[in-house]
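Taking it in order: structure first as structure tokens, then the write-up.
Bear in mind these aren't lab numbers, they're just calculated from the coordinates by the rules spelled out. Because the structure is a prediction, the values reported are computed rather than measured. Positions of Cβ are backbone-derived with ideal geometry, glycine not excepted, and every protein chain shown enters the neighbour counts.
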Amino acid sequence: MGDMNNTEVKADMQPVQEAANPTLSPDEQMIQDGFNALLQDYLNSNHRRKVERITKAFNFANQAHAGVKRRSGEPYIMHPIAVARIVCREMGLGSTSICSALLHDVVEDTEYTVEDIKDMFGEKIAQIVDGLTKISGGIFGEQASAQAENFRKLLLTMSDDIRVILIKIADRLHNMRTLGSMLPAKQFKIAGETLYLYAPLAHRLGLFTIKTELEDLSFKYEHPQEYAYINLKLQTSEAARNQLFEHFAIPVNKKLKEMGLQYEMRARVKSVYSIWNKMQTKGVSFEDIYDIYAVRIIFDPLPGVDEKNQCWDIYSAITDIYRIRPDRIRDWVSRPKANGYQALHLTVMGPDGEWVEIQIRSRRMNEIAEKGFAAHWKYKEHNVEEDTELDKWLQTITEILESPNPNALDFLDTIKLNLFTSEIFVFTPKGDIKTLPQGATALDFAYALHSDVGNSCIGAKVNHRLVPLSHQLASGDQVEVLTSRSQVPQPEWLGFVTTARARAKIDSFLKKIRKEVVKEGEIKVFEILKRNGLEANTSNIDKLSMYYGFSKREEFYYAVEKEEVVLPENIRKLLKEKTDNVLFKYVKQALRIASKSTDSEKKEEENKDKKGKPKYDKKKPYILKEEAFERNYVIADCCKPIPGDESLGFINDDGNVVVHKRSCPIAMRLKSSFGERILNTEWSSHHSAFEATLEIKGIDSMGVLNTITRTISDDFNVYITRLLIEAKDGVFEGKVRMKVHDVEDIQRLCVVLSKIKNIKSVARVAD
């Protein structure tokens, strides 16, 4: 990673071809302008050494992609140039990464090989390009659903050279910025995959700015109406926010200048996606979110004064002016987040009666927060900050890869567990600190110490009090693990852990034990066949397995060893009876045929009509309709969309279209793993009634229940199927399930009900 800290300066270097060249075609001029902009970015950075190397990589890639266009119509080379600019300008990487970004699609899309790259640009660039080529398909490609191995390749490569995943994130960021030219079904697939995996990866590597943009762009394509609504709200409230900031800043500026600090103070607005996310999780409106903006103070350290101390000095100055909210102090200065983030956060009551969040950072802390791993590495080279948490995380990823789960989705979820967003800090009895994800249990802590400690854990003492394995830990807990030599991991332990490391270790142990049980069961079956003078061949074993209802021999062996199946001493008669059974023959034949056809062949067969044409045209929206009370779709139980909801379709194994809300977590998982089976859907104008649930909260008063039910039933002619309202200490909460025709019914109901006296909030919820 030497290119991350290259500080040699050649100030006399200037980008070439500054002015438009009349001999170039419009496409050639566009390409030249793009490359000039990349060179300018490079010359503006600290990495001013190898312009010739970058020019060589550009010329090679330009020639390799010559004549190829993107779906948007622009020359293909503009994509690698854009990725290289992100890598340089937004991540702060140097020439090795820039060259690798320019060349990242050459091996996949042209006749050139990794060996050609190695001959021309050396071992390191070839290694990075090879890593990027290997992960271009698989979990991130069209056939993502069953490619856990490709995801392993990504993570193995990431452990070897972090620049592979940094360039991959830059590649995805540019694809998201240009997603408008793709078909809607493809947009949903790419946006879902981005939210599910790329944004958490960017967060985990400390790329906060990029993570925020990835989330916002995904949200923009998945929920265009909500995105536009929140954007409009932010624009219309901008003047009021600016006024609040000015009032707040006047006394703070005065105080900080008296302290002799060089600093900048600016207001930062919460991202559209995070506002929407908070509205969803808290069940509140835009107006009810009090932390839409935060104030950021970035200072240049005074000579000879410790950065951390200066953060607390600024904290002290602000709390002398404004009243602090004690439960909102976040000290990531003394103990940085696992992705390297350092800052001191506090919330105070501003002069206008508004809560204001303040983030205090040094210039170094700010660069790490914006550019993540690359900046962190640069400062580590200067021995300013040890990169221990990131090193530990990469080590954990490597350990998980030693025993991957063969199920692609489970494996993906296991890794995603490790991309946690919030950490807690707990102490060993000797006072050592361990970082764990929020929600981690005593058993997670045991596995964080060592896999042997986890495997033999029988309980723990938290703050000297005995707790079970499933006990959730909190920041500041002191934990002592209790072990026993006779203890071994149990299947129910998988429900006790939240970290990827613990889950992987338990899984590995259970599989090993199961394999031993299966082997013992196999020996028992072989012995009983031998005693009956029968051959222990595939045919006889399959007949026995089928007789007891097992489609796999391993499951049959396991059941025999566990005595869930007790074999009779004389099994000759049993085998003869089943051989003559026509149904048995039919089932066996069906199983044999099924085993010969691949999953992809079956899916392809199911999704074609009698003429062999695909049932679903992904270029057009799939119209959700019903005729004679029969629908051409199935409503997903997890999110229960109704007409008017932003939705998408998933083609299930039976060839039916299951409709999910676009915001549904299950749908997000499907988009990122089964992208080829996602459909863009539209509701038809004719549909019957659907069930929806409203949650209503307010002040308890005489007649309020009667008013609610009368408004729903009489004024809107809506049929109530369930009503549950509870009152306590002067307030009430209730859920009303009803039959509605579309989302407009719900929206109108919410507006009218919220105007009833003493009702404080009305929102649609999943029941």
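Quick notes on this structure:
- Across the stretch 481-493, coupling constants 3J(HN,Hα) worked out from phi with the 6.51/-1.76/1.60 Karplus curve, θ = phi - 60°, read 8, 9, 10, 9, 5, 7, 7, 9, x, 10, x, 5, 4 Hz, and Gly and Pro carry x.
- Scanning residues 5 or more positions from residue 681 or on other chains, those with amide H under 5 Å from its amide H are 622, 649, with H placed 1.01 Å from N in the peptide plane.
- Packing-based order for 167-179, 689-701, using average beta carbon neighbours within 10 Å, highest first: 167-179, 689-701
- Along its principal axes, the stretch 510-580 has C-alpha extents of 38, 23, 20 angstrom, given from the largest down.
- Pairwise centroid distance, computed over Cα atoms, of the stretch 426-447 with the stretch 617-674, Å: 42 Å
- Rg(Cα)/(2.2 N^0.38 Å) for the stretch 643-767, N = residue count: 1.27
- Close amide H contacts of residue 295 (hydrogens built in the peptide plane, cut-off under 5 Å, sequence separation of 5 or more or a different chain): 268, 357, 358, 359.
- Radius 11 Å from Cβ of residue 743, net charge of other residues (Lys, Arg +1; Asp, Glu -1): -2
- Share of Cα-Cα pairs in the stretch 231-385 lying beyond 23 Å, as whole percent: 42 percent
- Rg/Rh for the stretch 57-125 stands at 0.97; both radii use Cα atoms, and Rh follows the Kirkwood definition.
- Separation of the alpha carbons by more than 26 angstrom is noted, of 282/757; 625/760; 168/661; 278/337, for 625/760; 168/661.
- Residue by residue, the stretch 285-302 carries 3J(HN,Hα) couplings of 8, 4, 5, 8, 8, 8, 9, 5, 10, 10, 9, 10, 10, 10, 10, 8, x, 6 Hz when phi is fed to the Karplus relation 6.51 cos²θ - 1.76 cosθ + 1.60 (θ = phi - 60°); x denotes Gly or Pro.
- With Cα atoms defining each centre, the stretch 185-246 and the stretch 698-767 are spaced 32 Å apart in the structure.
- With all projection directions averaged, the alpha carbon convex hull of the stretch 452-554 covers 9.1 nm².
- Members of 186/211; 233/257; 220/755 lying beyond 24 Å, as alpha-carbon distances in this model show: 233/257; 220/755
- Each residue of the stretch 689-705 was assigned a 3J(HN,Hα) from its phi angle through the Karplus expression (A = 6.51, B = -1.76, C = 1.60, θ = phi - 60°), giving 7, 10, 7, 9, 10, 10, 9, 10, 10, x, 8, 5, 7, 5, x, 5, 5 Hz with x at Gly and Pro.
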